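Student: This is the structure I want to talk about, given as structure tokens.
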Amino acid sequence: MTVGAEKEILTAGVIDFLGDLVREFTSSLDQLLENRKFRQNQYDEGLLPNFFEETAEIRGSDWRVAPIPADICDRRVEITGPPSRKMVINALNSGANVFMADFEDSLSPTWDNLLAGQQNLRDAVRGTISYYHPSKGPYTLGEDPAVLFVRPRGLHLSESHFSIDGQRCPAALFDFGIFMWHNARWLVDNRKSPYFYLPKIEHYLEARWWNDVFCWTQERLNIPHSTIRATVLIETLPAAFQLNEILWELRDHSAGLNCGRWDYIFSYIKTFQNHPDRITPDRAQIGMTSPFMDAYSKAVIQVCHRRGAHAMGGMAAQIPIRGDDQANAEAMEKVREDKHREVIAGHDGTWVAHPGLVALARSVFDQHMPSPNQISHEYNDDVRYCPDQDRLLEHPSGEITLDGLRQNVDVGLRYLSAWLQGQGCVPLYNLMEDTATAEISRTQIWQWLTHSASLNDGTSITDDLLNAILAEFVEQDSDLIPASALFVDLCRSEKMVNFLTLPAYERI
């Protein structure tokens, strides 16, 4: 954190603003979180996610979200990463259309990381951000930087370093409120807008809550209604049945939906944690061509286009592999295939995690999407896609292998170790990993242990097998020891822990 960041960011004005924001919306947020527990209990008892009868009119009637602002009409390539100073500059200069500065899945929320991140974004918004590398020299913004989006932390998280009336501040309001206080007026005065990504939404009432937050904030900061725009990450299974409703609730502030596919797999496992008939195969065997993932992607595209909104594709986690041309070529071909599938399916843009992939992703979308996006101004009812409950819930096929189990232990443990040390975006085995990968890893192990699953060779997955694999990795790298106890607790807990970041946060 740069010197004076806390004094610069947590000004008296910010503190008063956050206090009013938190007092206005914490009670309703607490109720939304209680509703999540209630619905999970229903899933545990056998209820399947489905479409709501009470919102049938919203799904069936014709309406569209507010017109798309000109500066985000074309979002064909978006890059994501934590709001560290060098990352912010490189991402904004990467040639991508959008940079999503991530306070959630790719940031370990230490106090220094959070305040420095807000300081970096404040400077980036004004175009004054710079960074000096001892050997590479100065980094500054280019003439045509990407449009900035900000992803605040999820509704389930709190900020332990900042309290209002003796209670922790909801992390989502902390991240959102600080950015808005420091940047909203400057953006509006310069004919720009504050843009956000909203994570981990599970119910349309949560989208309504965010819309209320937007309306209150715009009025309080005296900026026009509909100034704030937000893309909702569809990364929970229940949300896939509420796409129309989520867009409807945010219709004046909507910037579309995104396929947060890794968290979506995690959500599938979590939703069906009590269902022994829903044991998932190796995560490497669950891809976007799996029927339930394909149905989810198509549902997002068709609903968004019917409503005049962007349908953004998912993340390519690959990073360039230096020193091995063949391995790098194979990795880049996987990226090309993934982006080709997305643009042909109808997505309006896609995500990459590394600046080195921007040109590749852009070339694929440029070839197949000559217009700024694939949203039709006159939606054809004849091709309207009606999401099907059975297909959205079709269980992925495949096997559980020893390699898959070892990979989950390896990646999950290494990521958790890095997160506890303040690093939330971690290159592992030529992939840029974030919290979603670790969530899949530890929940799959929990699921396999809890429901007494077996490997494809008949070997039972037991505590002893987990211990043996864990001991092997810890013996190879003693730095993993501090994270190993927490990782084991997450894998063996009596009831699945909702988010690994909840217990992990208390240790940083």
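Just so you know, all these numbers are worked out from the coordinates, no wet-lab data involved. Since we're looking at a predicted model, the values are computed, not measured. We place every Cβ from the backbone using ideal geometry, glycine too, and count neighbours over all the protein chains shown.
Student: Can you sort 334, 192 by how many other beta carbons sit within 10 Å, fewest first?
Tutor: Lowest count first: 334, 192.
Student: Return the subset of 37/270; 37/495; 7/86; 37/200; 86/192 for which the Cα-Cα distance in this structure is over 18 Å, preserving the input order.
Tutor: Long pairs (Cα-Cα over 18 Å): 7/86; 86/192.
Student: Something else about it: Once you put a point 7 Å from the Cα of residue 63 and another 7 Å from the Cα of residue 135, both along the Cβ direction, what distance in nm separates them?
Tutor: 5.7 nm
Student: Quick one: compute the contact order of segment 5-392, relative version, from alpha carbon pairs under 8 angstrom and 6+ residues apart, as a percent.
Tutor: 19 percent
Student: Please turn the phi angles of segment 62-75 into ³J(HN,Hα) values with the Karplus equation 6.51 cos²θ - 1.76 cosθ + 1.60 (θ = phi - 60°), one per residue in order, whole Hz, x for glycine and proline.
Tutor: Listing the rounded values in order: 9, 7, 9, 6, 4, x, 6, x, 4, 6, 10, 5, 10, 10 Hz.
Student: With each pseudo-label sitting 7 Å past Cα toward Cβ, what's the residue 56-residue 344 distance in nm, one decimal?
Tutor: 3.7 nm
Student: I'd like to compare 487-494, 445-452, 388-395, 234-241: which one has the highest average count of other Cβ atoms within 10 Å, and what's the full order after that?
Tutor: 234-241, 445-452, 487-494, 388-395
Student: Then there's this: When the convex hull of the C-alpha atoms of the chain is computed, what volume per residue in Å³ does it have?
Tutor: 155 Å³
Student: Another question about this same structure. What ³J(HN,Hα) values, in whole Hz, does the Karplus curve 6.51 cos²θ - 1.76 cosθ + 1.60 give for segment 360-366 when θ = phi - 60°, with x put for Gly and Pro?
Tutor: Karplus-based 3J(HN,Hα) across segment 360-366 equals 5, 4, 5, 4, 5, 5, 4 Hz.
Student: Pop the C-beta distance of residue 47 and residue 185 into the FRET formula with R0 = 41 Å and round what comes out to the nearest 0.05.
Tutor: My answer for the efficiency is 0.35.
Student: Pulled fully out, how much extra length does the chain show between residue 477 and residue 284, if you take 0.36 nm times their separation in residues and subtract their Cα-Cα distance?
Tutor: 67.0 nm
Student: Looking only at segment 64-97, which residues have a backbone nitrogen under 17 Å from a spot 7 Å from the Cα of residue 144 in the C-beta direction?
Tutor: Residues 70-79, 91-97 fall inside that zone.
Student: Oh, and also: Using the Cα atoms of segment 195-291, I'd like the radius of gyration and the largest Cα-Cα distance, Dmax, both in angstrom.
Tutor: 16.0, 53
Student: Which residues among segment 148-163 fall inside the zone where the amide N is under 17 Å from a point 7 Å beyond the Cα of residue 23, along Cα→Cβ?
Tutor: 163
Student: Now for a separate question. Under 16 Å from the Cα of residue 298, which lysines turn up, not counting those fewer than eight places away in the same chain?
Tutor: Straight-line reach from residue 298, under 16 Å: 339.
Student: Specify whether the C-alpha gyration tensor of segment 45-96 places it in the rounded, prolate or oblate class, a ≥ b ≥ c being the square roots of the eigenvalues: rounded for a/c under 1.5, otherwise prolate if a/b is larger than b/c and oblate if not.
Tutor: Oblate, since a/c reaches 1.5 and b/c is not below a/b.
Student: Let me ask you something else. For residue 460 and residue 395, what does the FRET efficiency come to when R0 = 22 Å and r is the distance between their Cβ atoms, rounded to the nearest 0.05?
Tutor: That gives a FRET efficiency of 0.55.
Student: So what are the ³J(HN,Hα) numbers for segment 5-14, from phi and the Karplus equation (6.51, -1.76, 1.60; θ = phi - 60°), rounded to whole Hz, Gly and Pro as x?
Tutor: After applying 6.51 cos²θ - 1.76 cosθ + 1.60, I find 4, 4, 5, 6, 8, 8, 6, 4, x, 4 Hz.
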